[in-house]
Amino acid sequence: MTSPDRAPRRLRQLATAAVLSTTALALASLPRGDLPLPWLLAFTLPGAVLGCWSRLSDSPWGRALLAVTLQATACWSALELVGPMTRAAALSCTILPPLAFATTRNHDRDPSLALFLSLCVLLVGIILDGLRVWLLAGYVVTSFLSLHAATLLRSYSVAATGRRGQPRRLQDVGASISLCLLCVLSAVAVDRAITCLPSPSRVNESEDQRDKSRASSRIEIGLDDTFSFDGAGGVLSELEGERLVRAADLDDAVTPALYLRCGFFAVAGLRRWEIGPLQVRPQSEPDGHVFWRSEPRATVHTLQLERYAGASKFVFLPPHTTRLRGIEGLTVDPAREWIRPLGQNAAPYTVTWLEFPPLPARAAIERRADVRELTQLPKGLDRAPYEALLNEWGVGRDPRQAMAAIAAGLADRCRYERSTPSGPFSQELENFLFAEDDRHGYCMHFASAAALMLRMRDIPCRIGVGLYGGEASPDGSGARIYGSQHAHAWVEIPIARRGFQIFDPTPPSGRGRSVPAAQRAAETNELTADADDTFYAPALRTVADAIKAPWLLPSALLLTLLFAVLPRRAPKRPKLAASQATPKVRRALQKLMRALAKAGYRRTHGQTLESFADHLEAAGRAAPDVRAAFAAYQEVRFGGQPFDDDRARTMAAGARAASAMRDGD
Amino acid sequence: MATPNSSLELTPRGKVVLWLAALTGGAAWLGGEEDARIAAALLTAPVIVDFVAKQRRLHLTAVHLAPRTTMAGALYTEQILIEHRGRRPLRHCRLHEPRSMRNELPALLPTLTPFQPQRVELRQRSMVRSHIIERVFVLESEWPLGMFASRSIVSAAATLITEPARVTLRADLLEAGADVETAPVDRSLRSGPEFYALREHNMDEDARAVHALRSATLGALVRRTTRGRTPTSVGVVLDLRRAPGTPRGRGLRRCEWSLGACATLVEELLRRGARVRLLLIDSTPELIDVDGPARRAELMMLLAEANLSPHVVVPAETVAELDGMTQSYWIAAGGFADAPELQMLPGEATVVEEAPA
């Protein structure tokens, strides 16, 4: 009954290529580090061979024997080559063999099973290795093509077609491409729609937190006055690639290990840290502020900072800043080293900062009054598991020893991954520290955990947020450019006569981790980066913000669905070209009829043109020109012929002949 | 929006994907997990795209075709003209007529451009004897992703007469009224008796028909058999009455065979040059003189529409209309073989029955 071979060969090739590409993209999403190539091949090659073999052999026993032999050989080879399988391999091994088999089997031309299995593999890859947008977009496109081609193949298989291999028209290809784009947009819209829905899992979130979360989805992510673990996936979860700050050292190249703080959080919380009380005052100088005097033990650096539009409401300071110059209208809390402009101020400024030698052992903690608040622990904190960890790691009360022990313990216990920690606990921090199997998190979690542990040892500390790392300026000047992808969080400990000492418990590979250059270039919004100083920049930013608004795509999706189900009137049949000329030819006929009527031959009501012509013939008055005019009229009126000049002349000749009949009488 | 003659329904693939999408969407909503959200988006997107892009204007399609007369079970190729009157072209639609395409593949229409009629050939086979005045076609499409199937019914005012299937009648039935083995006594141009075949000679038969040369060759007596001359006027009685006491719904197979036998018999008799007068006995008995193509078409239409009827008594004068016939056939389509009217038939009456299997 079914015969897919009736389908065009190119369509069959497209279907095969699409399902193979889908599977390949799903496999590419798996983490290469966790799933080495030998194990990947061990789980895919036997299934693929078996899928191809099933076309050749109908014997189930033969196939089973082949499967067992191949799989055993492949696993043994992988074991010999790279050792025992990893956790990722263990997760994938249940899906990869059937995926490979379903992809290569392709007996019934239905890729549904292969697509479903590849979706599972893709999700495993996303869970293990994070989301890669280009991979996901490619998967959506190829899976759409696979489904589309399969549907067309099915049409060919269950129906008879007269013309074999009918080529697809350009319009059909265009429709397929537009539907493919629509599929990608739909996926994004559904994702946004689910995000916009009020979820029961976020029901405890206060309205203020939600506002902050919404705000954090904008450009200030990671740099605002909130430090919330949940809500919109975390502070640093939606980093974008804009340029924020350009830092240039007046004497030397800027070190990549430079921390640029724009804020801090002093009040600890299990779900959210808060900034705490501030004692703000105006700036000490008209164009800047002096924090404290120079320290002879330290090396003095001078840094020039330029802010782009997205960072205009922040002031970024390196650690141990002594003096700031170049900005007016500042609000400062000198003791806490907190500084903000009163409004939007994107003027460049210069910073003088000190580089101290490494912290000595038994360094003295600053004991000012405002520092006491930095030892408070959040309410409701169950200290027992934390204490157990501190004891296990041997964390003492000496700041330097405590920092080293906590950093080593965290690096050993948790791994860096830019995804929210998962686990059985209700709080992300507990999942980050105490989940049984996979404990992962990013800088927020490392910093929070370290700060809590330090406070448990009565070491005052706070969390500083800002930028770290950056990228060398392409002009070779030694300057570094920071974007929001370089946002970072760390711990700051007040040390006597040194100010706030930075302690970064995040593994070095994860500090201010930047995205690859190609992705960043794609993500970088050229409008906001290059048009900072143009007069239309605010309007463009408004448009960009509107496009990025989470409600936009869901609303468009809803409107599209409504438009699809709304009834529409059927179109009118297009008029024939000849009907445009009907009034003209009718007028010519009326002229002819009037001439005939004047000659005494009037067409009676209901008499057809043919019978009238017969009547004239019977009367012996059917002039050839009159008959020709009648024929011309019929050709235009009923034959679909155009009323061209020849027929107009014929009609005119008929009218003249009719007039001549009267004159002749 | 569904219209009375069009529908949109989920295919099995669509049901599975929609269930999975609903489950993952619910999980993403409840748990707020990003991975579940991605899964829900990936599963929901094709359903949405298929729903939005689905061709819902299938019913804006007109089908034109000529009247057709066929026999039940006979294969034929129908030529139809199909025209779409919507705004956008229809893609990958399948067209079929459920009545006449039970085992035949539907026709695939890769692209149906608006207002451009397209000629389509459909292989059809009408299996049920009938006379319909409206052809009903089904146009369906799963384009583009096969999650939903849109289906629309397109009807066309065209008659389809499905005559009874022809049956193979026994030779003795056809030759019942013929002048078997009688030499022609005149030189008329009418058919028979003519040489038909050779067969073994039985000793008690007339020896004048023995074929001497063939008997000598074979060494055994062989005789000629001839096809007898068909009577010039033949009466056929098609009795559609159910036998008294027979419940409705029984004897349908016999009825179909009898109607086919009637059609076969009349055609054969007409081919042999006979004049056929047919008495159709149902609730209102009807007498038809089949003396030309028009009356033959009328008879076939009657046979296409015929059904068994309750038992009624046929007036004697109605049966007497067949008095002038030299030969009569009685076809008891309703199984009423003992009808008293059978005795009233003039001449030699032959009962047409299906040979036992």
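The values are calculated or read from the model by the stated rules, or taken from the named source; none is laboratory data. Small disclaimer: the values here were computed from a predicted structure and weren't measured. Here the Cβ is made from the backbone with ideal geometry for all residues, glycine too, and neighbour counts use every protein chain on show. Each accessible area value is taken on the protein alone, full model and side chains, heavy atoms only, with ligands, DNA and RNA left out. Shrake-Rupley method; radii C 1.70, N 1.55, O 1.52, S 1.80 Å.
Things to note:
- Output for segment A:532-578, where each listed residue is within 14 Å of chain B (Cβ to nearest Cβ), in a helix (DSSP H, G or I) and at pLDDT below 70: A:577
- Residue B:167 in contact with an Asp or Glu (Cβ under 9 Å, 6 or more places away or on another chain) and part of a loop (DSSP other than H, G, I, E, B): yes
- The condition of being in contact (Cβ under 8 Å) with a residue 60 or more places away in the chain, surrounded by fewer than 21 Cβ atoms within 10 Å (Cβ to Cβ), touching a helix residue (DSSP H, G or I) at 6+ places or on another chain (Cβ under 8 Å) and away from chain A (no Cβ under 13 Å) does not hold for residue B:156.
- Only one of the listed residues (A:56, A:113, A:123, A:128) is at pLDDT below 80 and under 27 Å from the mean Cα position of the chain (by Cα). That residue is A:128.
- Close pairs (6 angstrom Cβ cut-off, 6 or more residues apart or separate chains): facing chain A (nearest Cβ under 9 Å) in segment B:2-16, at pLDDT below 90 and surrounded by 17 or more Cβ atoms within 10 Å (Cβ to Cβ) anywhere: B:3/B:59; B:13/A:112
- Among (1) open to solvent by less than 40 Å² (accessible area, probe 1.4 Å); (2) farther than 20 Å from residue A:424 by Cα; (3) at pLDDT 85 or above - the single one residue B:15 does not satisfy: (1)
- Of the residues making up segment A:584-598, those that are surrounded by fewer than 19 Cβ atoms within 10 Å (Cβ to Cβ) and either in contact with a helix residue (DSSP H, G or I) (Cβ under 7 Å, 6 or more places away or on another chain) or β-branched (Val, Ile, Thr) (or both) number 2.
- Number of the condition not met by residue B:233 [criteria: (1) modelled with pLDDT of 90 or more; (2) open to solvent by less than 70 Å² (accessible area, probe 1.4 Å)]: (1)
- Filtering segment B:286-308 for residues that are more than 24 Å from residue B:164 (Cα to Cα), among the hydrophobic types (A, V, I, L, M, F, W, C) and in a loop (DSSP other than H, G, I, E, B) leaves an empty set.
- Search result, residues across segment A:9-52 that are of a type in the set (Val, Ile, Thr) and within 25 Å of residue A:176 (Cβ to Cβ): A:16, A:19, A:22, A:23
- Residue in segment A:480-488 that is in a loop (DSSP other than H, G, I, E, B) and either farther than 17 Å from residue A:307 by Cα or open to solvent by 10 Å² or more (accessible area, probe 1.4 Å) (or both) present: no
- Of residues in segment A:132-151 being touching a Gly at 6+ places or on another chain (Cβ under 9 Å) and of a type in the set (A, V, I, L, M), the one farthest from residue A:10 (Cα to Cα): A:135
- Residues satisfying the stated conditions in segment B:336-352, i.e. of a type outside the set (A, V, I, L, M, F, W, C) and either outside any loop (DSSP other than H, G, I, E, B) or modelled with pLDDT of 85 or more (or both): B:340, B:341, B:343, B:348, B:350
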